[in-house]
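The values are calculated or read from the model by the stated rules, or taken from the named source; none is laboratory data. Note that the structure is a prediction, hence the values are computed from the model and not measured. Every residue, glycine among them, receives a Cβ derived from its backbone with ideal geometry; neighbour counts consider all protein chains shown.
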């Protein structure tokens, strides 16, 4: 029996990846328009131009689609593999400013703000939206910050619990911006403003935690 060629297998895998992405895009669009609780898998399949069978095979049920949509964006908030060794406070400040810039840039994206608003709107009918957003989306950035703080602590640059240090830096970084974005009373800051916000937060954080003896 003839086996499929490697090129055909590769093409099939690429086709499935494209269709999967189309399904996720359709699911997200449907959630934003109709709400998570009232969106049906049939509506998503129709939007994505696939059968329900193909939808379940490539992505899964509605909750798995939601998780995939959130995870895709959350992956951008992980600590980079090439994180420099935190040997001094200057490097720590640069790392915090860089990560803070990326965090605000990604989370302030209108698409992400839309997911937060969806989670708030669906908190009674579909609390799984908020749970998924918190355990996958928000936890990714929290874990990344905890890792940075733990490494700084191991290098003798900081004292205290990494989780508390991470929360403190996040507070200095966001201040009231997130609430203002959710309420629609503030515009998304531009790249220059985001970078300035992150640098100021890093400087304020290091000032609060003066060099250890």
Inset, instruction - May I ask you to list the residues in the stretch 86-96 that are surrounded by fewer than 22 Cβ atoms within 10 Å (Cβ to Cβ) and assigned to a helix (DSSP H, G or I)? - result: 89, 90, 91, 93, 94, 95
Inset, instruction - Answer yes or no as to whether residue 163 is closer than 12 Å to residue 145 by Cβ and either surrounded by fewer than 15 Cβ atoms within 10 Å (Cβ to Cβ) or out of contact with any helix residue (DSSP H, G or I) (no Cβ under 6 Å at 6 or more places or on another chain) (or both). - result: yes
Legend entry - Listing of helices (runs of 4 or more DSSP H) fully contained in the stretch 133-187 that carry 2 or more residues being over 16 Å from the mean Cα position of the chain (by Cα) and farther than 20 Å from residue 85 by Cβ: 162-174, 177-183
Inset, instruction - Consider residue 83 carefully, then state whether it is in contact (Cβ under 8 Å) with a residue 12 or more places away in the chain, assigned by TED's automatic domain parsing to the domain that holds residue 141, part of a loop (DSSP other than H, G, I, E, B) and within 22 Å of the chain's Cα centre (by Cα). - result: yes
Legend entry - Single match in 144, 126, 186, 121 (criterion: more than 28 Å from residue 37 (Cα to Cα) and touching a residue at least 12 places away in the same chain (Cβ under 8 Å)): 144
Inset, instruction - Provide a single number: the residues in the stretch 28-61 that are farther than 25 Å from residue 108 by Cα and outside any loop (DSSP other than H, G, I, E, B). - result: 15
Inset, instruction - May I ask you to verify whether residue 113 is surrounded by 18 or more Cβ atoms within 10 Å (Cβ to Cβ) and either outside the structural domain of residue 97 (by TED's automatic domain parsing) or assigned to a helix (DSSP H, G or I) (or both)? - result: no
